[in-house]
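Structure first, then comments.
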Amino acid sequence: MKIVVCVRPGADGEIGPFDAAALECALRVPGAEAELLSMAPPKGAEVLLRLTRLGAKHAYLLSDPVFAGSDTLATSYVLSLALKRLKPDLVLCGRKTLEGDTGQVGAELAERCGYSLAAEVLEILGEDGGGVRVRTRENDEKRVTYPALLCMERVAALRFPGIFSKPGDVTVWNAADLGADVARCGSIGSPTRVLYARENARDRRKCRFISPAELDGVIRTALKKKRAAPAVERAGELPGIYCVGERARAAAGAVSGCVQVLEPEPAAALAEKIRERKPTAVFFDTAPESRELAARLAVLLETGLCADCTALEVQEGELLMVRPAFAGDKIAGIVCRTRPALATLRTEDTTAGELIFTLGMGAKPYRERLTRLAERYGAELGATRAAVDDGWMPYPAQIGLTGRSVAPAVYVAFGVSGAVHHIAGMKSAGTVIAVNRDKSAPIFDYADYGIAADLETL
């Protein structure tokens, strides 16, 4: 079996934990021939050479100035040209790279290459007569037929190379080598543009610091408050706004008072309907199946896709899609120069409870104590992505951009730093209480009440 692992080195020459897990999973498959594929500047060859010492026999670097500035659509186009030449049985890629958190490229590659697709894969269980069996993050076992693409989760730590390990070979391909249409590459071929990137100020609250002894009273008082139904703030009025399924309708109302709903169906059939109706934009919720459908449509329609939008804006009659960027340090306003613009919109989990206790990495030593505290209050337990990736909190508990979005009456964050990715999943909570010993932690900027103390004092 031939496996190609797609990796993307960061600015410091390292690969992200999800790419590393994808490579390690490939190397663990008995009898498999693993190769590396990356699109990066020329210095990426050094990273790939180092990674071949782990067991990959060959690496391919796609590098050309015309590739610079590629969004996910342009990136998937270039990578697909290489994969069509390499003809692997299996392609592995991480859920996200170091510098991006959209999770779009995998599904777009599957659509461009005609591969079977499995997302949120934890483990490759073995070959199964023309396919491979995998275990997904929901602990479901699934069979995927060859050729297939697997989007891997962070579950395997990358091995260290042995002292005497020999490096493999690195082949560099440019646009001409791939036969690429330069009009579809780089910034020229990228439908989406970042219009601005700035601090996230829209969701900030005025934090009042209290003592640990006051926590109980604040929680019980906040639970008694009557909450008005959240109103969608109209940012403008754009024509031709559609959403796929009902869950995205409310969020889409920010840019249109008349949102038309399309029923989910296979990508090819839905693409035909969209071509006929010529909408300005089509929105999706962020369920896994919706994210995959949106990515496939972006390829079929050759249009831009903005993933995990937390807000919609209208400026001078143009749609702006807002999402966290730069590893969550900023929020970005993104425009799409093609029509229709596609976007997945964060929607709230309506099954969440009225009181949620969320544990971040700072809460790890106190997990048992906080679990008992949650049981005493009848609170649902949530988790940050870091806590889930570290393996001590379950995936269904994850709240944030790559987890659930919730809007409880009371949200208590224990040991949570307050990255923009997490704020996106809890910003609609009625009352937010943050407990963190670091008084300068960003989470306090988004909390109504703060306790700057060690969790052991609770």
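In summary, Gly31 fulfils each of the numbered conditions (1) at pLDDT 95 or above; (2) of a type outside the set (A, V, I, L, M); (3) part of a loop (DSSP other than H, G, I, E, B) with the single exception of condition (1). Restricting the stretch 35-52 to residues that are surrounded by 15 or more Cβ atoms within 10 Å (Cβ to Cβ) and touching a Gly at 6+ places or on another chain (Cβ under 8 Å), the residue that is modelled with the highest pLDDT is Ser38.
Beta carbons closer than 8 Å, at least 6 apart along the sequence or on distinct chains, pair a first residue in the stretch 296-319 that is assigned by TED's automatic domain parsing to the domain that holds Ile274 with a second that is of a type in the set (Lys, Arg) and assigned to a helix (DSSP H, G or I) for Val299/Arg112; Leu301/Arg275; Ala307/Arg291. Just the residues that are modelled with pLDDT of 95 or more, among the β-branched types (Val, Ile, Thr) and in contact with a helix residue (DSSP H, G or I) (Cβ under 6 Å, 6 or more places away or on another chain), please, taken from the stretch 283-312. Result: Val299, single match.
Condition (residue is surrounded by 22 or more Cβ atoms within 10 Å (Cβ to Cβ), touching a helix residue (DSSP H, G or I) at 6+ places or on another chain (Cβ under 7 Å) and free of Cβ contacts under 8 Å to residues at least 60 places away in the same chain) applied to the stretch 17-34: is it met by at least one residue? There is at least one residue in the stretch 17-34 that is surrounded by 22 or more Cβ atoms within 10 Å (Cβ to Cβ), touching a helix residue (DSSP H, G or I) at 6+ places or on another chain (Cβ under 7 Å) and free of Cβ contacts under 8 Å to residues at least 60 places away in the same chain. Within the stretch 234-255, no residue that is not assigned by TED's automatic domain parsing to the domain that holds Phe283 sits with its Cβ atom under 7 Å from a residue that is not in a loop (DSSP other than H, G, I, E, B) at 6+ positions apart or across chains. Report yes if Arg337 is modelled with pLDDT of 90 or more, farther than 24 Å from Glu111 by Cβ and over 18 Å from the mean Cα position of the chain (by Cα), otherwise no. For Arg337, the condition - modelled with pLDDT of 90 or more, farther than 24 Å from Glu111 by Cβ and over 18 Å from the mean Cα position of the chain (by Cα) - is not met.
Given the structure, is Arg28 assigned by TED's automatic domain parsing to the domain that holds Leu90 and under 23 Å from the mean Cα position of the chain (by Cα)?
Working: assigned by TED's automatic domain parsing to the domain that holds Leu90: yes; under 23 Å from the mean Cα position of the chain (by Cα): no.
So Arg28 does not fit the description; no.
Within the stretch 176-201, residues that are closer than 12 Å to Ala325 by Cβ and not assigned by TED's automatic domain parsing to the domain that holds Ile331 have Cβ atoms under 8 Å from residues that are assigned to a loop (DSSP other than H, G, I, E, B) and of a type in the set (Phe, Trp, Tyr) in these pairs: Ala197/Phe326, counting only partners at least 6 apart in sequence or on another chain.
Would the stretch 20-27 turn up any residue that is in a loop (DSSP other than H, G, I, E, B) and among the small types (Gly, Ala, Ser)? No, that holds for no residue. Here are some conditions: (1) crowded, with 18+ Cβ neighbours inside 10 Å; (2) under 29 Å from Glu138 (Cα atoms); (3) in contact with a Phe, Trp or Tyr (Cβ under 9 Å, 6 or more places away or on another chain); (4) aliphatic (A, V, I, L, M). Ala267 meets all but one. Which one does it not meet? Of (1) crowded, with 18+ Cβ neighbours inside 10 Å; (2) under 29 Å from Glu138 (Cα atoms); (3) in contact with a Phe, Trp or Tyr (Cβ under 9 Å, 6 or more places away or on another chain); (4) aliphatic (A, V, I, L, M), only one is false for Ala267: (3). Applying the criterion of being under 18 Å from Gly186 (Cα atoms) and not in a helix (DSSP H, G or I) to the residues of the stretch 55-71, the residue that is nearest to the chain's Cα centre (by Cα) is Asp71. When restricted to residues that are within 17 Å of Arg369 (Cα to Cα) and under 22 Å from the mean Cα position of the chain (by Cα), the stretch 406-437 contains 2.
The values are calculated or read from the model by the stated rules, or taken from the named source; none is laboratory data. Since the model is a prediction, treat every value here as computed from it, not as a measurement. Cβ: placed from backbone, ideal geometry, glycine included. Neighbour counts: every protein chain shown.
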